[in-house]
Amino acid sequence: MLLPAPLVGWMVAATGAVLALGGLLWAARRSAVARSLVPARVTGRSPDGPPRVWVTDSPGGSEAVLDRAVPGLLEGDVLMVRARATRPGEVGACPRPWNAYWLGLLCHGLVLLTVGAAAGLTRDADEELLLFVPLFGAVSLLAPFLMVGKVAGLVGFALRGTRVTGRIVGYRAHPFVLVNDLRAATPRVEYEFAGATRSAWSGAAYMSSLFTGRRIAVWVGDRSPADIMTVGTVVYSTGVITLVFGLFGAPVLLWSLLG
């Protein structure tokens with residue numbers, strides 16, 4: 001579909017503005033959740049039914065119950081929780097996110113807004129442009145920006161957390177990551193923290209489940225001693241793929257709008 005070049009530029013700029021706004025709203029939401037967290041101390045476990053943990057220091061200073069089980073928590077552990085407005089007497093554990101995708105959306109949106117506006121202001125009104133070309137470049141360029149957000153989240157988690165040494169003791173299929181039509185593996189890690197030996201599932205995706213017994217670095221989150229992060233092999237492979245997308249998408253976008 002051929003459209004006047006300035007119009008295409010402004011359409012790209014409008015898309016960038018929407019993405020940047022989405023990133024800002026996402027960041028505001030994250031900030032609001034962080035401000036609402038309160039410390040809670042584990043005081044016991046439910047004797048029957050689904051495992052639940054009672055906590056103190058919940059909103060109002062009363063005893064409450066976690067809305068879901070958190071494997072790896074021990075009596076006396078302190079974690080950050082958030083009250084559930086629709087379920088009085090219940091609080092939810094809020095582990096720190098591993099990603100900062102909002103940062104990727106914000107930066108990508110600002111790039112599209114800048115490039116699109118520049119093209120809209122400088123293009124000849126009589127010139128026509130195939131809409132598919134700049135949009136293809138913009139979509140391809142989104143991947144590396146999201147990867148930047150992923151890495152920023154991992155680094156932020158590591159800087160706030162505590163690094164310990166752990167050992168992979170088992171694997172299970174990752175819920176959604178596929179590698180060559182096969183499920184990636186999620187490791188179960190045994191580690192020592194706060195004077196206790198713990199075992200927890202990491203959210204990292206590994207391309208192989210043959211590393212049982214391997215010693216790896218583990219970062220324990222600042223919001224809960226049962227919240228851990230390990231860096232999986234899929235991070236490296238997706239990093240290479242997104243770099244290729246970026247090196248291809250950036251020239252396409254710049255050439256189509258400013259060339």
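Computed from the coordinates by the stated procedures, all read-outs in this text should not be read as laboratory data. A quick note: this is a predicted structure, and the numbers were derived from the prediction, not measured. Every residue, glycine as well, gets a Cβ built from its backbone with ideal geometry; the counts of neighbours run over all protein chains shown.
Computed from the Cα positions only, the extents of the chain along the three principal axes stand at 75, 47, 31 Å, in decreasing order. Note on T122/S209: beta-carbon distance plugged into 1/(1 + (r/R0)^6) with R0 of 41 Å gives a FRET efficiency of 0.15. A simple packing score, the average count of other Cβ atoms within 10 Å per residue, orders the peptides 6-16, 204-214, 89-99 as 6-16, 89-99, 204-214, with the highest score first.
Find how much the distance from E63 to A217 grows on full extension, using 0.36 nm per residue of separation minus their present alpha carbon separation; answer in nm with one decimal. Intermediate values should be presented prior to the final figure.
On the way: separation 154, 0.36 × 154 = 55.44 nm, distance 3.51 nm.
Contour length minus Cα-Cα distance gives 51.9 nm.
Approximating the spin labels as points 7 Å out from Cα along Cα→Cβ, the R30-to-A194 distance works out to 2.5 nm.
Is the C-alpha gyration tensor of region 127-257 telling us rounded, prolate or oblate? Criteria: a/c under 1.5 is rounded; beyond that, a/b larger than b/c is prolate, otherwise oblate. Since a/c reaches 1.5 and a/b is larger than b/c, the shape of region 127-257 is classed as prolate.
Just to confirm a number: summing +1 for Lys and Arg and -1 for Asp and Glu over residues other than E190 whose beta-carbon lies under 9 angstrom from that of E190, what do you get? Show your work: numbers first, answer last.
On the way: positive: R167, R188, R198; negative: E192.
After counting each charged neighbour, the total is +2.
In order along region 98-110, the phi-based Karplus estimate (6.51 cos²θ - 1.76 cosθ + 1.60, θ = phi - 60°) of 3J(HN,Hα) comes to 7, 10, 10, 4, 4, 5, x, 4, 4, 5, 5, x, 5 Hz; Gly and Pro are listed as x. In this label model, D181 and V78 are separated by 5.2 nm, measuring between points 7 Å along each Cα→Cβ vector. Summarising the strand pairing of the chain, around 95 percent of its internal DSSP beta bridges are antiparallel.
Show that you can apply the helix-only estimate: for the chain, add -39,500 (n - 2.57) for every DSSP H stretch of four or more residues, divide by all residues, and state [θ] at 222 nm to the nearest 500.
Details: 4 runs with 108 residues, N = 259.
Calculated at 222 nm, the ellipticity per residue is -15000 deg cm²/dmol.
Could you rank the peptides 114-120, 195-201 by their average count of other C-beta atoms within 10 Å per residue, with the highest value first? All intermediate terms of the calculation are to be shown ahead of the outcome.
On the way: 114-120: 19.9, 195-201: 15.0.
In descending order of packing, they fall as 114-120, 195-201.
Using 1/(1 + (r/R0)^6) with R0 = 45 angstrom and r between the beta carbons of W201 and A17, what's the FRET efficiency to the nearest 0.05?
Numbers: r = 39 Å, r/R0 = 0.87.
So, using R0 = 45 Å, E works out to roughly 0.70.
Projecting the Cα atoms of M80, P175, W102 onto the dipole axis of the chain, where Lys and Arg carry +1 and Asp and Glu carry -1 at the beta carbon, places M80 farthest toward the positive end.
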